[in-house]
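The values are calculated or read from the model by the stated rules, or taken from the named source; none is laboratory data. Small disclaimer: the values here were computed from a predicted structure and weren't measured. All Cβ positions, even for glycine, are placed from backbone atoms using ideal geometry, and neighbour counts span all protein chains on display.
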Amino acid sequence: MFYAISVKKLILPAAAVLGVLLAGCGTAYVLWRYPTAHLEQVNRYAGAYGLSPSFALAVIHAESKFDRQATSSKGASGLMQIRQGTADWLAGDLQIEGYDYSRIYEPEINIRLGCYYLSKLYKQFGGSLELTLAAYNAGEGNVAKWLLDKRCSDDGKTLKYIPFKETRVYISRVKTNMRIYNLLLKLKGIEQ
């Protein structure tokens with residue numbers, strides 16, 4: 001099983017972030033601000049595809065803030081904000097019986113497809129959290145181009161610069177969410 005990021009690297013910064021939130025706002029606020037809805041599906045599919053549940057929850061939080069009916073201006077839908085072409089391809093790959101894009105708002109379908117896609121991207125980009133998130137947000141094609149561009153990458157394997165501000169902010173947001181979800185799940189006794 002691979003993990004999107006080492007839990008040990010996140011514990012100290014996450015403890016600081018969570019401590020500040022708890023001290024200033026209380027447990028109820030933190031749990032409201034960082035929900036763990038659909039945890040059964042998250043655990044099932046994150047586990048099936050070798051992801052940590054905190055990674056999947058962090059992406060859901062960044063993509064839709066757990067609004068299962070969310071639809072973006074770019075046509076991405078559901079908890080993990082998946083576009084139809086991508087969803088259709090992933091569902092075909094997984095051979096999901098009875099799949100139709102109209103079911104993208106069902107947490108079971110959306111989380112399964114989103115976790116599977118994150119897993120594919122993680123493998124495709126050599127286990128790099130940053131590249132996985134950049135590809136999930138900006139598209140695999142953009143990341144491939146950036147890796148070939150000397151302004152963006154010195155070695156063709158890592159990015160020193162991401163041209164899209166939205167993607168830079170997205171990566172930072174997901175990493176922060178992961179720190180908090182790692183601690184919240186640890187407090188709930190869920191291994192990462």
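Residues that are surrounded by fewer than 24 Cβ atoms within 10 Å (Cβ to Cβ), of a type in the set (A, V, I, L, M, F, W, C) and outside any helix (DSSP H, G or I) within the range 57-81 comprise F66, A70, A76, listed in sequence order.
Residue check: is A56 under 20 Å from Y45 (Cα atoms) and either in contact with a Phe, Trp or Tyr (Cβ under 9 Å, 6 or more places away or on another chain) or touching a residue at least 12 places away in the same chain (Cβ under 8 Å) (or both)?
Details: under 20 Å from Y45 (Cα atoms): yes; either in contact with a Phe, Trp or Tyr (Cβ under 9 Å, 6 or more places away or on another chain) or touching a residue at least 12 places away in the same chain (Cβ under 8 Å) (or both): yes.
Considered against the rule, which asks whether it is under 20 Å from Y45 (Cα atoms) and either in contact with a Phe, Trp or Tyr (Cβ under 9 Å, 6 or more places away or on another chain) or touching a residue at least 12 places away in the same chain (Cβ under 8 Å) (or both), A56 comes out as yes.
Scanning the range 107-142 for residues being in a helix (DSSP H, G or I) and either modelled with pLDDT under 95 or among the polar types (S, T, N, Q) (or both) gives a total of 6.
Checking the structure you have, find out if any residue of the range 116-137 is farther than 25 Å from A76 by Cβ, among the basic types (K, R) and surrounded by fewer than 14 Cβ atoms within 10 Å (Cβ to Cβ). No. Scanning the range 70-85 for residues that are among the aliphatic types (A, V, I, L, M) and more than 15 Å from D100 (Cβ to Cβ) yields A70, A76, L79, M80.
Looking only at the range 82-108, residues that are among the hydrophobic types (A, V, I, L, M, F, W, C) and either in contact with a Pro (Cβ under 9 Å, 6 or more places away or on another chain) or surrounded by fewer than 18 Cβ atoms within 10 Å (Cβ to Cβ) (or both) come to 3 in all.
Checking the range 153-165 against the condition returns a match, with at least one residue being within 25 Å of D67 (Cβ to Cβ) and either among the hydrophobic types (A, V, I, L, M, F, W, C) or in contact with a Ser or Thr (Cβ under 9 Å, 6 or more places away or on another chain) (or both).
For the range 143-185, a tally of residues being assigned to a helix (DSSP H, G or I) and free of Cβ contacts under 8 Å to residues at least 24 places away in the same chain returns 10.
Here E97 clears all of (1) over 16 Å from E191 (Cβ atoms); (2) in a helix (DSSP H, G or I) except the condition numbered (2).
Step by step: first the residues of the range 159-176, then only those that are crowded, with 20+ Cβ neighbours inside 10 Å and not β-branched (V, I, T), then the one that is nearest to G127 (Cα to Cα). Which residue is that? Among those that are crowded, with 20+ Cβ neighbours inside 10 Å and not β-branched (V, I, T), it is L159.
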